[in-house]
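The values are calculated or read from the model by the stated rules, or taken from the named source; none is laboratory data. Computed from a predicted model, the values in this text were never measured in an experiment. So basically every Cβ, Gly included, is an ideal-geometry build from the backbone, and we count neighbours across all protein chains shown.
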Amino acid sequence: MTRAATTAGTVALAALVGGYSYWRSAAFLRDPDRSVPPDPSSIVSAADGYVTYVKRVESGQIPIAVKKRRTIRLSEYAGVDCDASGWLIGTYMTEHSVHRNRTPVEGDVVLREHRGAAPFNRSMARMTANLFLHRTPYDEGCEYLLTNERLTIGVRHAGGSTVFVTQIADLWVDRIVAHVEVGDHLARGEQYGLIRFGSQCDVFLPDALLDGGRDAVLVRPGQYVWAGESVLARSVLARSVLARSVENLAPTPPSPIHDDLEEALP
């Protein structure tokens, strides 16, 4: 092979690698507009991707298809001190998904907790394979659920319930981004964070918010959802809070003093 041919091959390879890297970066950083459902009872997805599980959490205990299907405490999994019962919905972001995260409900940020890898981030390739092969439960053998770096925020809804959103890093993720601090107020569907290169985002919905059990959860494993648009569940509590707000804004009836003044006028 001549030197010219070698040089041309090297340049072509560099261009291919560079083009692929640019495409990957552009794909991960793209920020499409999203239309948040107007119904205030809609609890929206925090991430684009495939729903990997809808797990029933009892008194803070999560059943998990790792380590012979043992349970793990919500406090250990998400880094939050919580013994509530509810539903944990996992969403796996593929390399083709938009990797920007949005808040499922409107409310105040009451918690921001980061937990490093223990001892290192594991690959999420097993989840990719399970989804591709339709091998359920999809989290079977996914060790990263127990070990990988994660960042959890807690958003307290006006009704008093707290929704937890946990960003979980993949092996190749250099950092998790969450542009929020405790005390911030977030709108439903508002963008607050970002993870790169394939990762996962879990949402914990307490029973007190759903007020309808499993029937209130509208998604199923294997379904593809979009952040800020797809409805994970519906909350009767959210609708009732809005109704009370509307009642508070309703005009008050005229007072007796007002009536007396009207009668006194010529």
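Side notes on the structure shown:
- Residue satisfying all of: in the stretch 149-162; among the charged types (D, E, K, R) and crowded, with 18+ Cβ neighbours inside 10 Å; farthest from the chain's Cα centre (by Cα) among these: Glu149
- Scanning the stretch 163-215 for residues that are among the β-branched types (Val, Ile, Thr), free of Cβ contacts under 8 Å to residues at least 60 places away in the same chain and surrounded by fewer than 22 Cβ atoms within 10 Å (Cβ to Cβ) yields a count of 2.
- Whichever residue in the stretch 204-246 is touching an Asp or Glu at 6+ places or on another chain (Cβ under 6 Å) and part of a helix (DSSP H, G or I) and, among such residues, is modelled with the lowest pLDDT: Leu237
- Checking each residue in the stretch 66-83 for being touching a helix residue (DSSP H, G or I) at 6+ places or on another chain (Cβ under 9 Å) and farther than 15 Å from Val165 by Cβ picks out Val66, Lys67, Ile72, Glu76, Asp81, Asp83.
- Residue within the stretch 141-148 that is over 17 Å from Glu76 (Cα atoms), of a type in the set (Gly, Ala, Ser) and surrounded by fewer than 21 Cβ atoms within 10 Å (Cβ to Cβ) present: yes
- Test: residue in the stretch 174-193 that is more than 15 Å from Val44 (Cα to Cα) and among the polar types (S, T, N, Q): no
- Qualifying positions in the stretch 52-98 - basic (Lys, Arg), farther than 21 Å from Ser199 by Cβ and either buried (at least 18 other Cβ atoms within 10 Å of the Cβ) or in contact (Cβ under 8 Å) with a residue 24 or more places away in the chain (or both): Arg56, Lys67
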